[in-house]
Amino acid sequence: MRRSAGREIEFLECWDAIAAFFELNRFYAGEGNAIGLAAAKAGLSVQFDSEDRFPFFKDRIEKVRISKAS
């Protein structure tokens, strides 16, 4: 993120408010949703990319969980 005519400040303030709302309502997953909503509210462009760029880490975590359960 870089300076964008003050919109970055609005983005950070919105993100803070949305994140607090989500947490108070026990919505702990999908932090990208809060970021996307804040960016859209601040008038920043939002790019959607659902590609999992780091599948290794999730696979490794599952492997450790499985090995500890045995």
Taking the Cβ of residue 18 as the center, what net charge do the other residues with Cβ under 15 Å away carry, scoring Lys and Arg +1 and Asp and Glu -1?
-3
For region 7-69, size of Cβ-based charge dipole, Lys and Arg +1, Asp and Glu -1, in debye
420 debye
With a ≥ b ≥ c the root eigenvalues of the C-alpha gyration tensor of region 7-69, is it rounded (a/c under 1.5), prolate (a/b larger than b/c) or oblate?
oblate
Length gain on complete extension for the stretch residue 21 to residue 69, per 0.36 nm per residue less the alpha carbon to alpha carbon distance?
13.8 nm
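Throughout, read-outs are computed from the coordinates displayed, never taken from laboratory work. Every value quoted in this text rests on a predicted model; they were computed, and no experiment measured them. Note that each Cβ is placed from the backbone with ideal geometry, even for glycine, and that neighbours are counted across all protein chains shown.
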